[in-house]
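The structure under discussion is supplied below as structure tokens; questions concerning it will follow.
The values are calculated or read from the model by the stated rules, or taken from the named source; none is laboratory data. The structure presented is a predicted model; accordingly, all values stated were derived computationally and were not measured. No Cβ is skipped: glycine too gets one built from the backbone with ideal geometry, and neighbour counts run over all protein chains shown. Only protein heavy atoms, including side chains, enter the accessible area calculation; ligands, DNA and RNA are left aside. Shrake-Rupley method; radii C 1.70, N 1.55, O 1.52, S 1.80 Å.
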Amino acid sequence: MVEAQTWATRRMSNPRLESTTVDIPSTPPGDARVPAAGAASATSPAVLTALIVVSWYLSNIGVLLLNKYLLSYYGFRYPIFLTMLHMISCAVYSYVAIHGLELVPRQYILSRRQFFKILGLSAIFCFSVVCGNTSLRYIPVSFNQAIGATTPFFTAIFAFLITFKRETAEVYLALIPVVFGIVLSSNSEPLFNLFGFLVCVSSTAGRALKSVVQGLLLTSEAEKLHSMNLLLYMAPMAALLLLPVTLYVEGNVAALTVEKASAGPFIIFLLLGNATIAYLVNLTNFLVTKHTSALTLQVLGNAKAAVAAVVSVLIFRNPVTAMGMTGFAVTVMGVVLYSEAKKRSKVAAR
């Protein structure tokens with residue numbers, strides 16, 4: 001799932017299930033109960049944070065690579081059904097985490113209005129994750145990650161179009177290398193596929209749109225939900241939205257999966273493992289947000305995209321060019337400049 005939500009929108013839910021991730025808002029002090037407190041106290045905070053960050057990296061990169069393997073190499077060409085499995089997994093594991101492990105207090109939907117707002121977010125979320133998973137059938141993970149780094153560009157566009165929020169000239173100028181870098185990467189990508197490129201751009205735009213709409217819809221204190229509670233409600237809604245789509249577009253995919261499983265149980269292991277890791281992306285995202293600062297999270301997010309690209313090239317041996325790597329580096333540099341410009345504009349606004 002991995003809404004390969006990148007760090008740029010991450011102090012809210014997401015995010016790349018973009019891969020399939022949900023944007024994670026900042027956690028108010030004391031709203032999370034961490035189990036096994038004795039074990040945590042026996043571990044130094046630095047070591048604990050390092051373990052959480054490593055788990056975050058492994059889950060994010062792992063789900064991307066597994067998605068790519070399933071959709072492009074193993075022959076399981078059903079991205080919508082795969083996304084639905086991710087949503088079911090997130091719903092089940094979220095219930096266990098909140099009701100069983102009590103990682104965060106349970107929150108409830110209080111009105112029909114709030115329900116439809118969450119349903120709308122679920123629809124945008126479905127669109128983004130399905131497009132992200134579909135793109136992995138056609139383009140390499142490295143190129144997918146480069147496109148995903150342009151999330152700040154779409155966030156700024158949607159924030160202006162929907163909320164009429166204007167940024168400073170410095171912020172908009174920082175977006176130029178973000179776009180220029182991806183143009184360089186696209187022109188020199190050896191495995192460029194137009195359809196894969198378009199659906200990946202759509203996924204990135206959907207992730208940015210969800211972030212903006214979420215901030216717009218769930219604004220009152222009564223409607224705000226912790227990221228893990230929001231996932232608890234969004235995941236089953238998303239699974240129900242995807243069920244008729246996968247049946248219509250991908251046919252009797254459940255029967256085909258059972259047929260593959262009868263020939264060998266490896267497909268079941270792959271799907272269950274993939275769906276579990278998809279939830280771990282969201283869980284570790286929440287934990288990293290809780291245990292690090294905003295600046296650290298941004299640096300880690302930038303590095304994660306680069307690491308995912310390098311690991312995918314090493315594993316899948318997809319060809320890369322010097323111009324493509326330069327374009328990716330320019331895009332990441334633009335994202336860093338954008339982040340710094342945003343930080344300065346917020347300080348100046350105060």
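Quick one: with all protein chains in place, what share of the accessible area of region 268-350 is carbon or sulfur, to the nearest percent (1.4 Å probe)?
75 percent
May I ask for the net charge around ILE109, where only other residues with Cβ less than 10 Å from the Cβ of ILE109 are counted and Lys, Arg are +1 while Asp, Glu are -1?
+2
Ok, one more. Heavy atoms only, probe 1.4 angstrom, no DNA, RNA or ligands counted: give me TYR138, TYR108, TYR57 ranked by accessible area, highest first.
TYR108, TYR138, TYR57
Here's something else I'd like to know. For the pair PHE164 and VAL54, how long in nm is the line joining their label points, each one 7 Å along Cα→Cβ?
5.2 nm
Also: In region 223-267, what is the volume of the convex hull around the alpha carbon atoms, normalised per residue and reported in Å³?
Per residue, the Cα convex hull of region 223-267 comes to 92 Å³.
Let me have the relative contact order for region 124-269, percent, based on Cα pairs under 8 Å that are six or more residues apart.
Once normalised by length, the contact order is 36 percent.
What percentage of the solvent-accessible surface of region 123-221, computed with a 1.4 Å probe over protein heavy atoms, is contributed by carbon and sulfur atoms?
Carbon with sulfur: 73 percent of the solvent-accessible area.
Pick out, in residue order, every one of the GluC sites (Glu not before Pro) in region 198-304 that is DSSP loop and has at most 16 other C-beta atoms within 10 Å; say none if there are none.
Those satisfying the criteria are GLU221, GLU223.
Same structure again: Mark the label point 7 Å from the Cα of VAL179 along Cα→Cβ and return the residues of region 136-158 whose backbone N is within less than 11 Å of it.
Hits in region 136-158 for VAL179 at 11 Å: 153-154, 157.
Using only the heavy atoms of the protein chains and a 1.4 Å probe, how would LYS290, LYS117 rank by accessible area, largest first?
LYS290, LYS117
When the scattering of region 159-217 is computed by the Debye formula from its Cα atoms alone, each counted once and equally, what is log10 I(q)/I(0) at q = 0.12 Å⁻¹?
-0.42
Given the pairs LYS165/LYS346; LYS290/LYS346; LYS165/LYS290; LYS117/LYS290, which span a C-alpha to C-alpha distance of over 18 angstrom in this model?
LYS290/LYS346; LYS165/LYS290; LYS117/LYS290
Give me the net charge of GLY75's neighbourhood, meaning all other residues with Cβ under 15 Å from the Cβ of GLY75; Lys, Arg count +1, Asp, Glu -1.
+2
Continuing with this model, one more query. Working with all protein chains in place, sort THR151, THR168 by solvent-accessible area computed with a 1.4 Å probe, largest first.
THR168, THR151
Running Debye on region 43-135 with equal point scatterers at the Cα sites and no solvent, what base-10 log of I(q)/I(0) appears at q = 0.12, 0.18 Å⁻¹?
-0.58, -1.07
While we're on this one: Could you compute the FRET efficiency for VAL245 and SER44, with r as their C-beta to C-beta distance and R0 at 45 Å, rounded to 0.05?
Efficiency computed from Cβ-Cβ geometry: 0.40.
How much area per residue is accessible in region 182-328 when the probe is 1.4 Å and only protein heavy atoms are counted (Å²)?
45 Å²
Sticking with this one: Tell me whether region 215-350 comes out rounded, prolate or oblate; compute the Cα gyration tensor, take square roots of the eigenvalues as a ≥ b ≥ c, and use a/c under 1.5 as the rounded threshold.
Oblate, because a/c is 1.5 or more while a/b does not exceed b/c.
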